[in-house]
Structure formats: C-alpha cells, structure tokens
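K.L.:
The structure's right below; bear with me while I get my questions together.
Read the figures in this text as sums done on the coordinates, not as results from a lab. As the structure is a prediction and not an experimental result, all values here were calculated from the model. Heads up, the Cβs are rebuilt from the backbone with ideal geometry, glycines too, and the neighbour counts pull from every protein chain shown.
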Amino acid sequence: MRVVVTGREGQIARSLMERGSAAGHAVVALGRPQLDLTDEADAIARAIEAAEPDVVVSSAAYTAVDKAEGEPDIAFAVNERGAGAVARAARMLDVPLVHLSTDYVFDGTKLSPYTEEDEAAPTSVYGASKLAGERAVLREQDNSAVLRTAWVYSPFGSNFVKTMLRLAADRDEIGVVADQHGNPTSALDIADGVLAVAANLLGSHDPRLRGLFHMTADGDATWAEFAAAIFAASDARRGPAARVKPIATADYPTTARRPANSRLDCGKLKISHGVALPNWRPSTEKVVGRLLENA
C-alpha cells in the first residue's frame, strides 16, 4: 500500500512514516514547499498526483489552538479549504482518503463520552476550523473516513509528555489542570489505526467503512492524572519526575477555551472497522521510555 500523507513534521505524519515502513508500506510525506495547504486547489492536486497514492491521509493542519484565536483566516485556510482541496484531489485520482480531526469540535458540556451522533459545537477558532474541514472533506470525497482523535502525544514534535518531562527537570511540583477530561492518545497508535482503516477502504466498497468515526486510546484521564502517569513512568526509569498539584482551568487561563469533557466513544470504529486502540497507560510508558532513551 502506497500511502501519501499531508504534512511532514507533524506527530501523526512522522508516526505514520515509522509504523507504515515497519508494516511494509510505502509512506510518502508531503510538506512545504512541495505541498502547501494555503495554495490553490490545482497546485495541491498536482502535488498529490505526483506522489502516486493508493490512499491519501490528510493529517496536515493548523494546530496552534490559542494562536488561532488571533488569526482565524489562516486557520480556516488550512483546516477547511486546504483539507477540502486534498479531499477533492483524492476524488479526482479515485483513491480513498483518511482525514484526521479533533475532539475540539465539541463544547465539553456533555457528562458522558461523545458519539459521532452528538451535535458538534466548538468553542474555539481551531475547533470551528476543524469542524468546517470535516464537512468540506465529506462533501468533496464520499470515499473517505474522517477520524476524530484527541490529546495526541508521541516521541516527535511538541506535546504534553515532552513538556511535562522538561518541566520536571527543573521543578519539584507542577500545577496541572484537573477538571478537563479526555483520552490521551499516542500518535504511534493512531498511525496503526489509520493504516488499518486505509487498508479497509482499499479492500472494500462497504459504505459502513466510510463517514465519521472517533478514534482515541482506551481509557480516559484528566490532564493531572496524565501528568502523574508520565512522572511515574519516568521515575521508574530514573528520569525526571515531579509532584502534581491539581489545579482548576480557571487557575490556568488560555486564549482559547478548552472543552471540560472531550472523551470520545469509539464503539462505531470497532464495529465498522474492527479497530480499537490500546489503553493509554502502557502507550504512555512506551513513549516516555523512548524519550528518555533518546535523551
């Protein structure tokens, strides 16, 4: 399977290159200057066509959640129009598409995990731009699966796990938000899930494999619980660790509002695709171990 993925430096793109190669797939990552999602649609289509995909994975996105509040035009240019252009290119090439989206399409007021049937109501520019991107993708390419994921971390790029380990090197105690709930999800596990979904789309025309799905790790946590697990895994390997001081969202103000509950129900993905990501705790331990080894 020849997988063309948009974005070269993102956590999911880099994880796809690693996991795809390990599974025997050819993974081609397209980034600037080859592919710029703010370009005209024709330029985006030419770049994807030149890469000769069997399947396209649309993972490139504008992900600066707080910064997006001040530059919505750029966020929507990338996350809506760019994503739509990628989907259109896949349709023109007659190849399936897997598109990555986010838990931030929800407002976080529901008390239980969100399903694909729940109404999206983003509270941030980033969330609104990603929701618009989902709709553009599904409008442009019906041979597609849109996968919402959440709280992504990995050995690559910038993420919560890396931040916690860096802070613990200099501090004995770290205040971490304890009233937001979600599903910490390894990008390496996401990559495995994406590859499985892509293979299913290539192997079957079943409409139940197309559409909108949630794909996060098994289990949920608060940011404070996630941090405590990171420090426990690091301490067991003689790495940096700190005490976690649970704090409220109000004690850590951000420009963009985060959902208090962004837990996602992934039952539809398991039923339709036979895909279920592993629990977040062992995956966190693996990523922490890799980061400490690389350090």
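K.L.:
Filter segment 260-278 down to the residues that are more than 16 Å from the chain's Cα centre (by Cα) and farther than 30 Å from HIS205 by Cα, then identify the one that is surrounded by the fewest Cβ atoms within 10 Å (Cβ to Cβ).
P.N.:
Within segment 260-278, the match that is surrounded by the fewest Cβ atoms within 10 Å (Cβ to Cβ) is ALA260.
K.L.:
Conditions: (1) aliphatic (A, V, I, L, M); (2) in contact with a Leu (Cβ under 6 Å, 6 or more places away or on another chain); (3) within 30 Å of PRO246 (Cα to Cα). ALA90 meets all but one. Number of the miss?
P.N.:
(3)
K.L.:
Now, a different point. Within segment 262-278, how many residues are part of a helix (DSSP H, G or I), closer than 24 Å to LYS110 by Cα and either hydrophobic (A, V, I, L, M, F, W, C) or in contact (Cβ under 8 Å) with a residue 24 or more places away in the chain (or both)?
P.N.:
Of the residues in that region, 4 qualify.
K.L.:
OK, next. For segment 229-261, which positions are of a type in the set (Gly, Ala, Ser) and without any contact (Cβ under 8 Å) to a residue 60 or more places away in the chain?
P.N.:
Within segment 229-261, ALA229, ALA232, ALA233, ALA236, ALA250 qualify.
K.L.:
Sticking with this structure for a sec: Among the residues of segment 279-295, is any farther than 15 Å from LEU188 by Cβ and either part of a loop (DSSP other than H, G, I, E, B) or of a type in the set (Phe, Trp, Tyr) (or both)?
P.N.:
Yes; the residues of segment 279-295 include at least one that is farther than 15 Å from LEU188 by Cβ and either part of a loop (DSSP other than H, G, I, E, B) or of a type in the set (Phe, Trp, Tyr) (or both).
K.L.:
So the check is Cβ under 6 Å with 6+ separation or different chains; which pairs have a first residue in segment 147-171 that's farther than 17 Å from ALA224 by Cβ and a second one that's assigned to a loop (DSSP other than H, G, I, E, B)?
P.N.:
So the pair list comes out as LEU147/MET215; THR149/MET215; THR149/THR216; ALA169/PRO240.
K.L.:
A further question on this structure: Looking at (1) over 30 Å from ASP172 (Cβ atoms); (2) surrounded by fewer than 24 Cβ atoms within 10 Å (Cβ to Cβ); (3) in contact with a helix residue (DSSP H, G or I) (Cβ under 7 Å, 6 or more places away or on another chain), which is the one condition that is false for ILE190?
P.N.:
(2) is the only condition that ILE190 fails.
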